[in-house]
Ligand code: SF4
């Protein structure tokens with residue numbers, strides 16, 4: 001494909017994103033994902049942290065066998081890996097596990113141990129942002145589980161938008177959902193959830209950067225606790 005064709009494709013996708021951003025802002029999550037299946041065929045994927053499988057479940061209703069991308073940073077809780085394996089075993093999805101270029105041991109040798117304590121932005125860039133960018137190359141659109149009620153930094157999350165940085169359509173079908181909406185969907189459809197959600201972790205990331213949160217506290221207060229960092233860079 002020539003550069004000119006690449007550029008035209010990106011411009012087309014951008015126009016699709018902008019139109020859908022207006023048209024689908026108030027659409028139900030399943031309708032948004034059915035639109036994704038109609039528009040992109042199989043050239044879209046769901047990204048999941050395996051906190052729960054709500055968006056993966058919704059997407060599998062829109063496109064059975066849909067790709068569900070999981071970033072295996074090498075630092076996950078065993079429960080998160082177990083949730084990934086359970087999703088792969090029981091749901092009508094194709095789990096795609098992305099790994100960083102370096103193992104944790106190789107990263108330790110190159111940058112010194114516990115980079116996550118000394119420079120979490122660099123650690124996230126190496127173990128999350130870079131693998132995701134490489135892993136998304138074959139898709140026109142990616143789906144996230146972002147919700148506006150996750151945190152003030154996510155309060156303006158659009159349902160469909162143009163991801164300029166990656167040249168993809170970015171879809172957040174449950175952006176308008178609340179935690180109650182998620183809980184109701186999990187209960188109604190028997191959706192798999194990470195057992196750590198019942199063990200004091202309302203938001204689950206890598207083990208070294210996630211702690212339990214007392215009831216009533218900001219659910220994301222346990223991520224990079226004690227640091228100014230609030231996001232891993234995937235959604236910047
Ligand atoms: Fe590294 Fe922590 Fe980011 Fe995981 S969340 S990639 S351990 S800094």
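Taken together, 89, 105 contain a single residue that is in a helix (DSSP H, G or I), out of contact with any strand residue (DSSP E or B) (no Cβ under 6 Å at 6 or more places or on another chain) and farther than 19 Å from residue 55 by Cβ, which is 105. Surrounded by 13 or more Cβ atoms within 10 Å (Cβ to Cβ), on the phi < 0 side of the Ramachandran plot, touching a strand residue (DSSP E or B) at 6+ places or on another chain (Cβ under 6 Å) and part of a strand (DSSP E or B): does that describe residue 46? The answer is yes for residue 46.
Exactly one residue out of 73, 80, 99 is within 13 Å of the ligand (Cβ to nearest atom) and without any contact (Cβ under 8 Å) to a residue 40 or more places away in the chain: that is 99. So which residues in the range 62-73 are outside any strand (DSSP E or B) and surrounded by 15 or more Cβ atoms within 10 Å (Cβ to Cβ), if there are any at all? Listed by number, the residues that qualify are 62, 63, 72, 73.
On the stretch given as the range 80-93, residues that are buried (at least 17 other Cβ atoms within 10 Å of the Cβ) and in contact with a helix residue (DSSP H, G or I) (Cβ under 9 Å, 6 or more places away or on another chain) total 5.
With respect to residue 52, is the statement that it is crowded, with 18+ Cβ neighbours inside 10 Å and modelled with pLDDT of 95 or more true? Talk me through it step by step, then tell me what you get.
On the way: crowded, with 18+ Cβ neighbours inside 10 Å: yes; modelled with pLDDT of 95 or more: yes.
So residue 52 fits the description; yes.
Number of residues in the range 23-39 that are buried (at least 18 other Cβ atoms within 10 Å of the Cβ) and assigned to a loop (DSSP other than H, G, I, E, B): the value is 1.
The values are calculated or read from the model by the stated rules, or taken from the named source; none is laboratory data. Being a predicted model, the structure only gives us computed values, none of them experimental. Cβ coordinates were reconstructed from backbone atoms using ideal geometry, including for glycine residues, and neighbour counts include every protein chain displayed.
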